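The values are calculated or read from the model by the stated rules, or taken from the named source; none is laboratory data. Bear in mind that the values here come from a model prediction, so they are computed numbers and not experimental data. Glycine gets a Cβ as well: all are built from the backbone with ideal geometry, and neighbour counts include every protein chain shown.
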């Protein structure tokens with residue numbers, strides 16, 4: 001009987017560790033006020049918009065203009081969906097959480113993959129802007 005209890009205890013402990021490892025969540029990562037650095041001085045707001053949309057599209061984001069100085073980006077990967085608002089002007093841009101599906105968002109934290117997607121989008125935008 002004691003051996004059976006020990007096996008059950010080890011099984012439950014293993015199950016708990018596996019479950020906890022699968023629930024990786026971190027605070028939501030937003031990019032706020034990132035500087036827009038371009039290679040030319042005569043870039044327009046339309047140029048910035050097109051460049052941001054191209055950067056997101058290169059990573060699989062569906063980028064949709066949402067008004068002056070604003071783009072909505074949607075990324076769908078398998079059963080996961082991330083939606084961000086990208087606000088921009090001639091000097092800065094921000095990537096802000098808007099909505100998600102199947103990413104365990106609880107109002108503050110979200111699945112850690114989301115943060116990686118946002119960091120990749122941020123890097124892609126910076127790289128594209130530097131060629132403008």
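Observations on the structure shown:
- When 105, 93 are checked against the criterion of being assigned to a strand (DSSP E or B), surrounded by 15 or more Cβ atoms within 10 Å (Cβ to Cβ), modelled with pLDDT of 95 or more and in contact with a strand residue (DSSP E or B) (Cβ under 9 Å, 6 or more places away or on another chain), a single residue qualifies: 93.
- Selection status of residue 60, within 27 Å of residue 111 (Cα to Cα), in contact with a strand residue (DSSP E or B) (Cβ under 7 Å, 6 or more places away or on another chain), in a loop (DSSP other than H, G, I, E, B) and at pLDDT 80 or above: yes
- Residue 54 being modelled with pLDDT under 95 and either in contact with a strand residue (DSSP E or B) (Cβ under 8 Å, 6 or more places away or on another chain) or farther than 17 Å from residue 101 by Cα (or both): no
- So residue 88, is it farther than 19 Å from residue 115 by Cβ and either more than 12 Å from the chain's Cα centre (by Cα) or surrounded by 12 or more Cβ atoms within 10 Å (Cβ to Cβ) (or both): yes
- The residue of region 63-75 that is surrounded by the most Cβ atoms within 10 Å (Cβ to Cβ), among those that are at pLDDT 95 or above and either out of contact with any strand residue (DSSP E or B) (no Cβ under 7 Å at 6 or more places or on another chain) or farther than 16 Å from residue 99 by Cα (or both), is 69.
- Of all residue pairs spaced 6 or more apart or on separate chains, those with beta-carbon atoms under 8 Å, a first member in region 80-109 that is touching a residue at least 60 places away in the same chain (Cβ under 8 Å) and a second member that is buried (at least 17 other Cβ atoms within 10 Å of the Cβ) and part of a loop (DSSP other than H, G, I, E, B) are 93/36; 97/28; 97/105; 105/28; 108/28; 109/28.
Per-residue answers, yes or no, for (1) exposed (fewer than 15 other Cβ atoms within 10 Å of the Cβ); (2) not in a helix (DSSP H, G or I):
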position: 48; (1), (2): no, no
position: 99; (1), (2): yes, yes
position: 110; (1), (2): no, yes
position: 114; (1), (2): no, no
position: 122; (1), (2): no, no
position: 127; (1), (2): yes, no
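- Residue list for region 26-45, filter: closer than 20 Å to residue 70 by Cβ and in a loop (DSSP other than H, G, I, E, B): 28, 29, 30, 36, 38, 43, 44
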